């Protein structure tokens, strides 16, 4: 499907004229600052493949590492919530 490249081209066209006219401005968003939550979810109605579980655990590990090193500003869920998100028992 070519919808995404078409939307990107449309956005570029919409920004091109103001940018060329030097009328495009930017301002930081500070109060309230934007937030988002990254969640790894698995289907509840069917088994999860080993490959999907591995990808999910890898994403969780990378995100936790980036947050711990300060590359991503944020905080990691506590162990019980993180274990629930990955489908593992936190006590195991």
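Read-outs throughout are calculated quantities, based only on the coordinates presented, and are distinct from any laboratory measurement. This one's a predicted model, so the numbers in the text were calculated from it and none came from an experiment. Using ideal geometry, Cβ is built from the backbone for each residue, glycine included, and neighbour counts are taken over all protein chains shown.
Placing a pseudo-label 7 Å from each Cα along the Cα-to-Cβ vector at residue 58 and residue 22 gives an inter-label distance of 4.7 nm. Computed across segment 3-43, the Kirkwood hydrodynamic radius from all distinct Cα-Cα pairs reaches 13.8 Å. Averaged over residues, the count of other Cβ atoms within 10 Å places the peptides 5-17, 26-38 in the sequence 5-17, 26-38, highest first. The spacing between segment 5-26 and segment 27-72, judged by their C-alpha centroids, is 30 Å.
Note on residue 51 and residue 65: the extension gain reaches 2.9 nm, defined as 0.36 nm multiplied by sequence separation minus the Cα-Cα distance. Model label points for residue 15 and residue 77, set 7 angstrom from Cα along the Cα-to-Cβ axis, are 3.2 nm apart.
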